[in-house]
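The values are calculated or read from the model by the stated rules, or taken from the named source; none is laboratory data. Keep in mind the model is a prediction, meaning the values are calculated, not measured. A quick note on method: Cβ atoms are made from the backbone with ideal geometry, for glycine too, and the neighbour counts reach across all protein chains shown. Each accessible area value is taken on the protein alone, full model and side chains, heavy atoms only, with ligands, DNA and RNA left out. Shrake-Rupley method; radii C 1.70, N 1.55, O 1.52, S 1.80 Å.
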Amino acid sequence: MQKVRLEQGNLFSERIGSHGIKNLEFFAWDKKIKEIIKKIKQESKKEEIGWPNLPFEEEEIREISKFTKTERKKWKNILLLGIGGSALGTAAIQEALQKSETKNLIILDNVDPDFFTQKLADLNWEKTLVIVISKSGTTPETMAQFYLIEEILKHEIKKGYQNQIIAITDDKEGELKKIAENKNYKQFVIPKNVGGRFSVLSSVGLVPAALLGADISSLCEGARTMQEDCFKEDLRENPAALLAVSAYLMDRKKGKRKQVFLPYSNQLTGFTEWYAQLLSESIGKNEETGLTPIKALGTTDQHSQLQLWSEGPNDKVFTFLEIENFQNNIPLPYFENKALDYLSGKSLNELIRAAKQGTELALAKKSRPNQTISIPKLNESSLGQLFYLFEMQIAILGKLYEINPYNQPGVELGKKITKKIMLGISL
Ligand code: PA5
């Protein structure tokens, strides 16, 4: 299996001067990392946290593959109702893999009434499978849209409409669980010890991915391979620990709390959205602790944000994601124009690579810390590796900052206040 690789040279003072981390200072964290990795292994062994074990749940993966193999053929449209951790993983998978047999995937996360109307216009309901995903079963955006869709299905399909609904929710409790039991909807469970933004390798991401035609065995295999590296106790050999310690030191020692996530691939924009939630909801826990993600796209943002990045405040760390082999190779013609002759006979592939390297070096020259994750090829295996790598980075960061990366009290508060407003209770 081809592995994704991490290159961090441009984070160190040898390359970028005083804005970089000193080698000795960085590797002094080796002992702490050993303790942290041991602790994370224990927590997953005791099942206090469930996400590290998800790619090893062979029975669940087999059951999902079996169910979706036949179901996949029946539907033209997949309508997914869910928000945050219940939707961003699927969007990332779909954008990254763009399966050729892909159905029309519609994700209704936001409750914009116009978006809702546009997305459902002219939908052939006979050919539409609805997947409703909510761990709590009480998220108002998801449940409001679900009730609306359920009514439409009852009206359009009448008898047997239940066969067009799959509910993915908590295994024991919650409103969606009750509804699914009462109405006999097909169910998949989200394990109790797996939170929304860590759930992409559970049924939350795997059921829609398999329905879209993704090879979920390879996705999980990629994640399992990454676990081997991310469970290593030696800081030098553990890519998630390297990512976590560098982010931590850049914040605490260099005052850089903004993390620019910059894939050079349109297909990775969904992944960027997924990571932005993982980083902000997991680490942003008090006034002293939080890293702000900045979602960007190369080369596009070189022409909109690079000026600020290279000459504005030096308060950011840049993470490039680079694909080594694109699916397509697009050669360029010969240019008659002298000024553009340097492009003659090259390819778009060479151009995007040169643009990335140019940005990386330009940032380094201006003492802006940056690192690169190289992806040999974008497929299920590399995507599985990336999901696991960043989940583990966040788990380690949680321990470095001594905060709980798995809760989201700020989000819960927002939900409570929304409820009060909807009830007309004065605040
Ligand atoms: O990571 C999280 O816990 C959140 O982003 C949730 O996924 C999001 O709020 C949706 O919650 P639920 O799945 O309960 O509808």
What residue among Arg236, Arg353, Arg72 shows peak mean-square fluctuation when the chain is described by a Gaussian network model with Cα springs under 10 Å? Arg236
Note down the accessible area of Thr292, probe 1.4 Å, to the nearest 10 Å². 80
Taking the mean number of other Cβ atoms within 10 Å as a proxy for protection, how do you rank 306-317, 405-416, 139-150 from highest to lowest? 139-150, 306-317, 405-416
Taking only C-alpha pairs under 8 Å that are 6+ residues apart, what is the relative contact order of the chain in percent? 23
How big is the chain by the Kirkwood estimate over distinct Cα pairs, in Å? 23.0
Can you give me the accessible area per residue for the chain, using a 1.4 Å probe, in Å²? 47
When the accessible area of the stretch 46-128 is computed with all protein chains present and a 1.4 Å probe, what percentage of it is carbon and sulfur? 46
Geometric extent, Cα atoms of the stretch 44-118 - Rg, Dmax (angstrom): 15.5, 47
With an 8 Å Cα cut-off and a minimum separation of 6 or more residues, compute the relative contact order for the stretch 51-214 in percent. 34
Of Lys253, Lys183, Lys365, which is the most mobile in a GNM of the chain whose springs link Cα atoms less than 10 angstrom apart? Lys183
Could you give the angle, 0 to 90 degrees to the nearest 10, between helix 58-74's Cα long axis and the longest principal axis of the Cα atoms of the chain? 70
So how much slack lies between Phe56 and Gln42, counting 0.36 nm per residue of separation and subtracting their Cα-Cα distance, in nm? 3.4 nm
Rounded to the nearest 5, the percent of antiparallel DSSP beta bridges in the chain equals 10
Measure out, as a whole number of angstrom, how far apart the alpha-carbon centroids of the stretch 1-59 and the stretch 97-135 sit. 37
Longest principal axis of the chain (C-alpha) makes with the long axis of helix 239-252 (C-alpha) an angle, in degrees to the nearest 10, of 70
What is the dipole size for the stretch 1-94, taken about its Cα centre, with +1 at each Lys and Arg Cβ and -1 at each Asp and Glu Cβ, in debye to the nearest 20? 280
Per the C-alpha gyration tensor (a ≥ b ≥ c, the square roots of its eigenvalues), the stretch 51-214 is rounded if a/c is under 1.5, else prolate if a/b beats b/c, else oblate; here it's rounded
As I understand it, the value is the acute angle between the Cα axis of helix 216-230 and the longest principal axis of the Cα atoms of the chain; what does it come to in degrees, rounded to 10? 40
Past 22 Å, Cα to Cα, is the threshold; run Lys41/Lys232; Lys127/Lys159; Lys31/Lys256; Lys172/Lys419; Lys41/Lys178; Lys154/Lys186 against it and keep the listed order. Lys31/Lys256; Lys172/Lys419; Lys41/Lys178
Environment charge of Leu427, counting only residues whose C-beta is closer than 13 Å and scoring Lys/Arg +1, Asp/Glu -1: +3
Charge tally in the Cβ shell below 14 Å around Glu181, where Lys, Arg are +1 and Asp, Glu are -1, Glu181 excluded: +1
